[in-house]
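Every number in this text was worked out from the coordinates using simple rules, so none of it is lab data. As the structure is a computational prediction, the values presented were derived from the model and not from experiment. Ideal geometry is used to build each Cβ from the backbone, glycine not excepted, and the neighbour counts take in all protein chains shown.
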Amino acid sequence: MKETPVFHVEKPGLLTSLQNDGRKGYQHVGLGPGGAIDPDALFMANLLVANELNTLAIECTLVGPELHCLLDGIIAITGADLSPTLNREPVPMWKAMRITKGDTLRFGKPIQGARAYISRHGGFLGQEDLGSGAYHSMASIGTLLTKNDVLSAHSLNGKGPLLGLSHEHHPVYKKHVTLAVVAGPHEERFNQKSTMAFYHSTFRVKHGNRMALTFEGENLTPMKGSLLSSGVNWGSIQVPPSGHPIVLLQDRQTTGGYPRIGTIASIHQAELAQLVTGDTVNFQPITIQQAQDKWREHLKQRRKLYARAFGRRMPTLLNKA
């Protein structure tokens, strides 16, 4: 299939990169999986333009890029509302639309959420490292967009179904969320006062990146003493000496030596991804079984959407770290 330039990057925006589900199977050598911070928004972006799972799309954070179209095609924008426009006219999100050679896609003021996704029918081609073109900020591999880059894709005829998600099903990214937490391996290292504070206080996003979100609020005080480093995963909640919890995200390190009071349930990936500085959260205890049940129901809904879009069962992706 022919590779063809499809976008010229007039302005890259803030931390704009190509993302898919990342790289599986390298955690044992120190490389976490990476991938889209909001997998749900990426899933819908690809679904709306009839792309297969794991197709590369553009992820942008708070400040979107300015892209000049070099080839007719079909695109969709999902995730955060960063005020997208086409030729300076507002365009709808969560809906596939045609884009014509010479058009310019721009973004403005962030209205809701932190990360938006731009998909194109046929996907994008990126710098592939270890089986994926997804940008990994800690390893500096994959594709990070810079000014005057030219994005290429497999050449397609620009025709296809224009799918859309009804407005009532658009996610709402709230400024305050409640996150379900499974007890962590070091919960017993926290006294009752700290545990009560963790589950009954409100925490504020202090800062964040693709690696983690740091929260501030009630100080959590783990028991003193050495702790061997061990493997960490998405959603691990580490508590450093500062007492401010850190929630690990896609570009996390693979091991950590800080006590882990809990792990965020996977059902909350989108909510965490769309938090910005100043947003607040509460943590709520949940059992492993409850977390698994919620995730199974989430996957069930994904399969239904995929089947309706493609007329066949959704393939199973390996969930290997």
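Among M93, M196, a tally of other beta-carbon atoms within 10 Å of each Cβ gives an order, fewest to most, of M196, M93.
Exposure proxy for R312, R98, R106: other Cβ atoms within 10 Å of each Cβ, ordered fewest to most, give R312, R98, R106. With a ≥ b ≥ c taken as the square roots of the eigenvalues of the C-alpha gyration tensor of segment 3-169, please select rounded if a/c is under 1.5 and otherwise prolate if a/b is larger than b/c or oblate if it is not? Rounded. Across the options M314, I77, G30, the greatest Cα extent toward the positive end of the charge dipole of the chain (unit charges at beta carbon of Lys, Arg, Asp, Glu) belongs to M314.
Each Lys and Arg adds +1 at its Cβ and each Asp and Glu adds -1 at its Cβ; summed about the Cα centre, segment 192-285 shows a dipole of about 220 debye.
For the chain, modelled as a GNM whose springs connect Cα atoms under 10 angstrom apart, the maximal fluctuation among S229, S83, S137 occurs at S229. Mean sequence separation of contacting Cα pairs (under 8 Å, at least six apart), scaled by the length of the chain, corresponds to a relative contact order of 21 percent. Among L151, L47, L62, the largest mean-square fluctuation in a Gaussian network model of the chain (Cα springs under 10 Å) belongs to L151. The candidate values are (i) 62, 40, 38; (ii) 116, 41, 40; (iii) 63, 48, 35; the one derived from this structure for Cα extents along the principal axes in Å carries the label (i). GNM remark for the chain: springs join alpha carbons under 10 Å apart, and the peak mean-square fluctuation among G123, G35, G243 falls on G243. Put in order of Cβ neighbour count within 10 Å, fewest first, the listed residues L15, L299, L220 become L299, L15, L220. Working from Cα pairs under 8 Å separated by at least six residues, relative contact order for segment 182-321 is 27 percent. Summarising the label geometry, the points placed 7 Å from Cα in the beta-carbon direction at T104 and H207 lie 3.3 nm from one another.
Using a simple spin-label model with pseudo-atoms 7 Å out from Cα toward Cβ, H170 and E89 lie 1.8 nm apart. Close amide H contacts of Q112 (hydrogens built in the peptide plane, cut-off under 5 Å, sequence separation of 5 or more or a different chain): D81.
The distance between label points at D72 and T146 comes to 3.4 nm (points 7 Å beyond Cα on the Cα→Cβ vector).
Can you list residues from other chains, or at least 5 along the same chain, whose modelled amide H is less than 5 Å from the amide H of G13? Under 5 Å from the amide H of G13: E66. Computed from phi, the 3J(HN,Hα) profile of segment 305-315 under the Karplus parametrisation 6.51, -1.76, 1.60 (θ = phi - 60°) reads 4, 4, 4, 5, 7, 10, x, 8, 5, 6, x Hz, with x in place of Gly and Pro. Using the Karplus relation 6.51 cos²θ - 1.76 cosθ + 1.60 with θ = phi - 60°, the per-residue 3J(HN,Hα) values for segment 230-235 come to 8, x, 10, 9, 4, x Hz, with x marking Gly and Pro.
Comparing Cα centroids, segment 258-321 and segment 1-37 end up 21 angstrom apart. For the chain, the longest principal axis of the C-alpha atoms and the axis of helix 39-48 are separated by about 20°. Across segment 55-98, the residues whose backbone nitrogen lies under 12 Å from the label position 7 Å along the beta-carbon direction of Q112 are 79-83, 93-94. Remark on L145: its backbone amide H falls under 5 Å from those of T16, S17, L18, a criterion applied only to residues 5 or more positions apart or on other chains, H modelled at 1.01 Å from N.
For segment 216-229, 3J(HN,Hα) computed residue by residue from phi via the Karplus equation (6.51, -1.76, 1.60; θ = phi - 60°) reads 10, x, 4, 6, 9, 10, x, 4, 6, x, 6, 9, 5, 5 Hz, glycine and proline entered as x.
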